Amino acid sequence: MGIVMVLMGLAQNIWQFLILRALLGLLGGFVPNANALIATQVPRNKSGWALGTLSTGGVGGALLGPMAGGLLADSYGSRPVFFITASVLILCFFVTLFCIREKFQPVSKKEMLHMREVVTSLKNPKLVLSLFVTTLIIQVATGSIAPILTLYVRELAGNVSNVAFISGMIASVPGVAALLSAPRLGKLGDRIGPEKILITALIFSVLLLIPMSYVQTPLQLGILRFLLGAADGALLPAVQTLLVYNSSNQIAGRIFSYNQSFRDIGNVTGPLMGAAISANYGFRAVFLVTAGVVLFNAVYSWNSLRRRRIP
């Protein structure tokens, strides 16, 4: 990834840049493997706390990255940003290589499980599939609001000069809330069960999305999005913890990679859904439809987890 980032800084036309961006996406397996590494190395009764803490790091990076990138671009220009980012990625490589110790037993090619064998080795294949779908729907719900947020804030704010700043603040407050809530709710999930955290957070999300359709000021929207971020901070760590509970260390890497694929599908589908709904029915309809999607996710997840408990 560091090498590709350097090449992006040297690109001479849009096609080279596009190809390198695609290659960067192909090399983006670091996150699911980091999840799998943490999930397999910590005691299972602390998985929620560990994955919640990792999620905090991801959210923190998502908040600071655009800010740092914009500041660097303003100070040094666009191309140096790629070289600086590449140096950070290479530093991350050396930290991972020399500072992280893994209890790993190599598996020969003959012993490597095929996809069908991976499925049959799962404790509850249907539950794991439902968790993949839950991840997809979480990302659809999160991404559906992104395309219309700035325009919605402009509609609420009226004729003010700093709409971009207000929109940026409202866009970032869920991340701040998730940063605060993820490790705490992950630790709570270790104590009371991640399934309870997951269902409760989904229901809270529904209850917060519906009034977003009726807000009258940017402040009201910002407060609701902050609370939504606190609930959303528990969702993916809870799903990942349930995946840990229902898979063995031997296949954890592939399970987390499959989950990441469903997450990426949701990242693509969500903005498309939000844009289509807003174009046909208006901005406020997006929040109501998204609430319906999350409600379906809550019912679907509850039903899947309930079946797991039935002997």
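Take the chain, mark every one of the chymotrypsin sites (Phe, Trp or Tyr not before Pro) that falls in a DSSP loop and has at most 11 other Cβ within 10 Å, then report the longest stretch left between them, sites excluded.
Result for the longest clean stretch: 105-213.
How far apart, in nm, are the 7 Å Cα→Cβ label points at Ala11 and Asn280?
About 3.3 nm separates the two model spin labels.
Can you work out the FRET efficiency for the pair Tyr300 and Leu23, with r the C-beta to C-beta distance and R0 = 30 Å, to the nearest 0.05?
Efficiency, rounded to the nearest 0.05: 0.25.
Is any helix in the chain, taking whole DSSP H runs, at least 15 angstrom long along its axis by alpha carbon and on average at least 1.0 on the Kyte-Doolittle scale, and which ones?
Flagged H segments are 14-26, 78-99, 125-145, 163-192, 194-212, 218-232, 235-245.
Quick one: longest stretch of the chain between exposed loop GluC sites (Glu not before Pro), exposed meaning at most 11 other C-beta atoms within 10 Å and loop per DSSP?
Answer - 112-311.
At what distance in angstrom do the alpha carbon centres of the range 237-302 and the range 165-206 lie from each other?
15
For the chain, max minus min Cα coordinate along each principal axis, in Å, sorted largest first?
For the chain, the Cα extents along the three principal axes come out at 65, 53, 33 Å.
Fully extended, how many nm does the chain gain between Ala164 and Gln250 (0.36 nm per residue separation, minus their Cα-Cα distance)?
Full extension of this stretch gives 26.2 nm more.
Let me confirm the definition first: pairs of Lys residues in the chain, 8 or more apart or on different chains, C-alpha distance under 18 Å. How many are there?
Close lysine pairs under the 18 Å cut-off: 4.
FYI, it's all coordinate maths here, none of it is from the lab. In this text, all values refer to a predicted model and were calculated from it rather than measured experimentally. Because the Cβ atoms are built from the backbone with ideal geometry, glycine has one as well, and the counts that use them run over all protein chains shown.
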